[in-house]
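See structure below.
The values are calculated or read from the model by the stated rules, or taken from the named source; none is laboratory data. As the structure is a computational prediction, the values presented were derived from the model and not from experiment. Counting neighbours? That spans all protein chains shown, and the Cβs are built from the backbone with ideal geometry, glycine included. Ligands, DNA and RNA are stripped out before the accessible areas are found, and what is left, the full protein with its side chains, is counted by its heavy atoms. Shrake-Rupley method; radii C 1.70, N 1.55, O 1.52, S 1.80 Å.
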Amino acid sequence: MVGEHTETLNVAPRRIGIVGLGLIGGSLACRLHDAGCDVLAWNHTTRPYADAEARGIRCLPSIEALAAERPDVLVLCNPLRAMPETLAALADALDERTTLTDVGSVKGMVREQVEAAGLGDRYIGAHPMAGNERSGWSAADPALYDDALWAVTVRPDSSYRRFLAVAGMITAACGNRMIVVDELTHDRAAALISHMPHVVATALINEMAANPERDIAAALAAGSWRDMTRVALTDPDRTRAMVEEDGANVAALLRSVALRLLAVSEALDGSVDGDALARFFAEGQPFRNFKAEQGHGGIHAPERVLELPEQGWQTVLMESARRGEHVIRLRPSRTAVVRELSHIS
């Protein structure tokens, strides 16, 4: 919460604009309002305005009017397909003091669009690892961001002032954790842990829907089926757009997964040696160990302070992420407090 740590008070932005009051944007708006921020919003329809204003969020009639309020940070929570139009509207309206960020799950594409709109020097990418299969303002819930981890993307020429505005929103206002990565690394990682699994989960429900004994199987389905297929309940158009936006990375991962599954099928029908099956089930043990260790760490993991030099602060933070550390606080003195968590080895 804002003001919880006096050392972070100066890095928490006070006025924040939200573009798009869907699940992610609406939940973020509520979270920030509850933290004491002045939250303004614009949505492509006014449908959620009455409820949002009753919640304490000031809703504006146009995106230009939102930009004219000169928020410290403007967060783009609109669908990626609408990003070029949104950025075009902001190109001449956005005040220089406002830092631009977003919540998209693909960062390279957004960076290209922001640069094309002439707003690249004001942009710091962000992606909260939060969400569920629901959508729209009616699903908005500030608890969606409870203990959330964000990825923040920077470049060698990114402004530290701009970075601090976004990082302050995440850590000081939302009370969340973050890691810092470059855009290409982010998109490869997001494909591995989100975009490719959405395709796999959809393949599972497609397999059930096509099976002649699907009703019996559905009746028997319990926790493991629910957990493996939950994301396949997401609006399929939304999932398709997300997967296509990170298409090259997802395609490469799907080919890799397909080869692993083919090896299992060959082991089961006796086409290859029996040890192949044992190797398949043992290969992921480092991740099992990581999850077991992670469960014992949490908020009690040790903390340490990182000094952020004027030149190369991006590299310092990216190296921290590769060590498995999460940034939990930023200080005005150009230092970051990180929590040392476990990592896969």
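Tell me the label only: which of (i) 24, 38, 22, 11, 4, 1; (ii) 33, 60, 7; (iii) 27, 55, 16, 1 is P(r) over Cα pairs in 20 Å bins from 0, in percent as calculated from this structure?
Given (i) 24, 38, 22, 11, 4, 1; (ii) 33, 60, 7; (iii) 27, 55, 16, 1, the calculated one carries the label (iii).
Using the alpha-carbon centroid of each, what span in Å lies between region 26-56 and region 136-183?
Between the Cα centres of region 26-56 and region 136-183 lies a distance of 18 Å.
For a Förster distance of 56 Å, can you work out the FRET efficiency between the beta-carbons of Asp95 and Val272, rounded to the nearest 0.05?
The formula returns an efficiency of 0.35 here.
If you average 1/r over every pair of different alpha-carbon atoms in region 13-78 and take one over that average, what Kirkwood value in Å do you get?
For region 13-78, the Kirkwood estimate is 11.2 Å.
Between beta-carbons, use under 9 Å as the cut-off and find the net charge around Ser159, counting Lys and Arg +1, Asp and Glu -1.
Local charge sum for Ser159: +1.
Just to confirm the number: angle between the C-alpha axis of helix 313-322 and the first principal axis of the chain, 0 to 90 degrees, nearest 10?
With rounding to tens, the tilt is 30 degrees.
How far apart, in nm, are two points set 7 Å out from the Cα along the Cα-to-Cβ line at Ala258 and at Ala189?
Each label point is offset 7 Å from its Cα along the Cβ direction, giving 2.8 nm.
In what sequence, highest mean first, do 60-69, 95-104, 216-225, 262-271 appear when ranked by Cβ atoms within 10 angstrom?
The densest-packed peptide leads the list: 95-104, 60-69, 262-271, 216-225.
To check my understanding: the extent here is largest minus smallest coordinate of the Cα atoms along each principal axis. What are those three numbers for region 53-105, in Å, largest first?
29, 24, 18
Would you compute, from DSSP H runs of 4+ residues alone, the mean residue ellipticity of the chain at 222 nm, taking -39500 (n - 2.57) per run and dividing by the full residue count, rounded to the nearest 500?
-13000 deg cm²/dmol
Give me D for region 1-146 in µm² s⁻¹, whole number, from Stokes-Einstein with Rh from the Kirkwood sum over alpha-carbon pairs, 4 °C and 1.567 mPa s.
Here the translational diffusion coefficient equals 85 µm²/s.
Within region 169-198, what residues put their amide N at less than 13 Å from the label point 7 Å along the Cα-to-Cβ vector of Glu112?
Only 184 pass the distance filter.
Taking all protein chains together and a probe of 1.4 Å, list Arg14, Arg162, Arg322 from the most accessible to the least accessible.
Arg322, Arg14, Arg162
Full-extension gain between Arg288 and Ala82, please, as 0.36 nm times their residue separation minus the C-alpha to C-alpha distance.
70.2 nm
Please report the accessible area of Asp72 (heavy atoms, 1.4 Å probe, ligands and nucleic acids excluded) in Å², nearest 10.
We get 40 Å² for Asp72.
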